[in-house]
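Below: one structure, written as C-alpha cells.
Since every read-out is calculated from the coordinates, none of them should be taken as a lab result. This is a predicted model, so every value here is computed, not measured. With ideal geometry, Cβ positions are generated from the backbone for all residues, glycine too; neighbour counts draw on all protein chains shown.
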C-alpha cells in the first residue's frame, strides 16, 4: 500500500502537533521578516523616493475614504450619544463623549482597518505577484536585498501615514458629531466644543497616536509578509496563492488590530 506523502496524518495528535509546528514556524518567519524590515527602514542609505511614493499611495490616496468614514462615524456617535445622554439629562456632555470615543478608540482602530482593506491588500497582492513572477528572485540574483528594497519603504510610509490619517479622522469625526448634535438636535455649539476642550487631555491624544503607530507596523508587516511568502502557501500556487495571501493579509491585519487595541488599551488606561 502506497501512502500519499501529501496526505495529512490520520492521527489527531499528530495533526495537532504538525499544526502547532507550522504556527510556530510562521510566527518565527513573520518576526524575522518584521525585524529585517524595521532594520532596513532605518539603515543607510535611505530610500527617500520610494518612501515618498509609498506615502502617496498609503496616505494621500486614503484621504477621501478616511474623511467619509470619519464624518459618518462622528454623525452616528452624535446621534446615538445624544439619545443616550438625554435620558440622564446630560446631553451637554455630548462633545466629551464623541471626542473621547473617537480619539481613544474609534479613530486609530477604524483608520487602521480601512487602510488595511485599501492599501494592505494592495501591498500583499503586489508583492505576491512579484513573487510568483520571479521578480523577487531576480532581486536576490542581482544581490539586492528584497526586504530592504520592497518592505522597508512600505514600513516607513505606513508609520508616517497612519498617525496623520488618524488625526484627520478624529477632527472630521468631531465635526460630524457637531453636525448631528448641534445643527440637528440643538445642543449649544459653545457647550459642545467647550466640553471637548475640557475633557480631552494630552494623554488621550498621545495614546491614540501610539495605537496608530502600532497598527501601522502591524498592517504593513502582515501585508508585506503575506505577499512576500505567497509561494509557500499550502492552499495553492500562482494566482490562487496571491488571492489567498491578499485575503489572509486583510483578515490577519484586522484581527491583529483589534487584539492589539485591547492590549494597548489595557496598558494606556
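Relative to the first principal axis of the alpha-carbon coordinates of the chain, what is the inclination of helix 202-228, with its axis defined by its Cα atoms, in degrees from 0 to 90 and to the nearest 10?
20
Can you tell me the 0 to 90 degree angle between the C-alpha axis of helix 152-178 and the longest principal axis of the chain, rounded to 10?
On a 0 to 90 degree scale, this one is about 20.
Rounded to two decimals, what ratio of Rg to Rh does the chain give with C-alpha atoms and a Kirkwood Rh?
1.09
Can you give the relative contact order of the chain as a percent, counting alpha carbon pairs under 8 Å and 6+ residues apart?
31
In whole Å, what are the extents of the stretch 44-188 along the principal axes defined by its C-alpha atoms, from largest to smallest?
70, 29, 20
Determine, from the Cβ-Cβ distance of residue 56 and residue 133 and an R0 of 35 Å, the FRET efficiency 1/(1 + (r/R0)^6), rounded to the nearest 0.05.
About 0.90, to the nearest 0.05.
Extending each Cα 7 Å along its Cβ direction at residue 140 and residue 191, get the distance between those two points in nm, one decimal.
Each label point is offset 7 Å from its Cα along the Cβ direction, giving 6.6 nm.
Going by Cα centres, the stretch 35-72 and the stretch 127-181 are how many Å apart?
Each part reduced to its Cα centre gives a spacing of 4 Å.
If N is the number of residues in the stretch 58-134, what value comes out of its Cα radius of gyration divided by 2.2 N^0.38 Å?
With N residues counted in the stretch 58-134, Rg over 2.2 N^0.38 Å equals 1.57.
Got a sec? How would 126, 203 order by Cβ neighbour count within 10 Å, fewest to most?
In increasing order of surrounding Cβ atoms, one gets 203, 126.
Using only the alpha-carbon atoms, how far is helix 63-85 inclined from the longest principal axis of the chain? Give it as 0 to 90 degrees, nearest 10.
50
Under a point spin-label approximation (7 Å from Cα along Cα-to-Cβ), what is the residue 43-residue 16 distance to one decimal in nm?
So the label points at residue 43 and residue 16 sit 4.1 nm apart.
For the chain, set up a Gaussian network in which alpha carbons nearer than 10 Å are linked by springs, and say which option among 189, 12, 153 fluctuates the most.
12
Per residue, what volume in Å³ does the Cα convex hull of the stretch 19-70 take up?
Taking the convex hull of the Cα positions in the stretch 19-70, it is 120 Å³ per residue.
Over 25 Å apart: what share of the alpha carbon pairs of the stretch 129-253 falls there, rounded to a whole percent?
Summing the P(r) of the stretch 129-253 above 25 Å gives 48 percent of all pairs.
Grab the DSSP H runs of the chain that are 4 residues or longer, score each as -39,500 (n - 2.57), total them, divide by all residues and round the 222 nm result to the nearest 500 deg cm²/dmol.
-24500 deg cm²/dmol
Where in the stretch 217-233 does the amide nitrogen come within less than 16 Å of the point 7 Å from the Cα of residue 267, taken along Cα to Cβ?
217-219
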